[in-house]
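Peer 1: First the structure, then my questions, so here it is.
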Amino acid sequence: SHYIMEVSPGGGSKDPEPDAEAQGVLFVVGGTLNLTLEGETHVMEEGGYAFIPAGSSWQVTNAGKAPVCFHWVRKKYEAVAGLESPSAFVLNEQDVKPNAMPDTQGKWATTRFVEPDDLRHDMHVNIVTFQPGGVIPFPETHVMEHGLYVLEGKAAYKLNQDWVEVEAGDYMWLRAFCPQACYAAGPGAFRYLLYKDVNRHAKL
């Protein structure tokens, strides 16, 4: 599940996650969020990112004078025999260097918060950025489902056989094997928060 949370000053939750099997990612897009994770408090401002493993003890509060807005992605963790569970971490997107796609002159890049070869993780929540004129130059498909929330800018996005104009605030959910392509047609950067499940078999 993917929520957009808005918390007023003085608000929060001492027990936000009722499911001990659910892991989560928090990504702050406005205001300041205090996250207390396993007894340690982290002050998360815009661009703040936290991975919260399943079974963690955590709470959030808004101790500021303005509302805070953040994304909250939840997924039941799929454990694998012989693999440890992933560890919690809190950082800011500014601390992570985007990875440019080959042969794109840096116009298409992904900010990855988890290394792709870390098989402990069964989901990735990344930020994809296209500079003006950047493209996915061919219809690509994936075996996993995708969720895309547009953080900034405008683009033309191909879903199946249709080109759709999307902009900040729009959300797209792509089934497995949905052909997709993109052209960043706006005057500024086009950025979206991307969820995808990884490293596990599809449920039968």
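The values are calculated or read from the model by the stated rules, or taken from the named source; none is laboratory data. Because the structure is predicted, anything quoted here is derived from the model rather than measured. All Cβ positions, glycine included, derive from the backbone under ideal geometry; neighbour counts span all protein chains shown. All accessible areas refer to the heavy atoms of the entire protein, side chains included, with ligands and DNA or RNA removed. Shrake-Rupley method; radii C 1.70, N 1.55, O 1.52, S 1.80 Å.
Peer 1: Would you be able to say whether some residue in the stretch 51-62 is of a type in the set (Phe, Trp, Tyr) and farther than 20 Å from LEU151 by Cβ?
Peer 2: Yes, there is a match, as at least one residue in the stretch 51-62 is of a type in the set (Phe, Trp, Tyr) and farther than 20 Å from LEU151 by Cβ.
Peer 1: Spot the failing condition for MET44; the list is (1) surrounded by fewer than 18 Cβ atoms within 10 Å (Cβ to Cβ); (2) among the aliphatic types (A, V, I, L, M); (3) in contact with a strand residue (DSSP E or B) (Cβ under 7 Å, 6 or more places away or on another chain), and only one is missed.
Peer 2: Among (1) surrounded by fewer than 18 Cβ atoms within 10 Å (Cβ to Cβ); (2) among the aliphatic types (A, V, I, L, M); (3) in contact with a strand residue (DSSP E or B) (Cβ under 7 Å, 6 or more places away or on another chain), MET44 violates only (1).
Rundown of residues vs (1) hydroxyl-bearing (Ser, Thr, Tyr); (2) open to solvent by less than 20 Å² (accessible area, probe 1.4 Å); (3) within 21 Å of GLY169 (Cα to Cα), yes/no style:
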site	(1), (2), (3)
ALA50	no, yes, no
SER56	yes, no, no
VAL60	no, yes, no
ALA79	no, no, no
GLY82	no, no, no
PHE89	no, no, no
ASP122	no, yes, no
VAL143	no, no, no
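Peer 1: For residues in the stretch 103-120 being of a type in the set (S, T, N, Q) and assigned to a loop (DSSP other than H, G, I, E, B), which is surrounded by the fewest Cβ atoms within 10 Å (Cβ to Cβ)?
Peer 2: The selected residue is GLN105.
Peer 1: How about the stretch 126-141: which of its residues are closer than 17 Å to TRP173 by Cα, open to solvent by less than 40 Å² (accessible area, probe 1.4 Å) and in contact with a Phe, Trp or Tyr (Cβ under 6 Å, 6 or more places away or on another chain)?
Peer 2: Matches in the stretch 126-141: VAL128 only.
Peer 1: If I filter the stretch 145-160 down to residues being over 14 Å from THR129 (Cβ atoms) and not charged (D, E, K, R), which single residue comes out as most open to solvent (accessible area, probe 1.4 Å)?
Peer 2: ASN160
Peer 1: Hey, does the stretch 19-28 have a residue that's among the β-branched types (Val, Ile, Thr), closer than 22 Å to ASN126 by Cα and touching a residue at least 40 places away in the same chain (Cβ under 8 Å)?
Peer 2: Yes: one or more hits.
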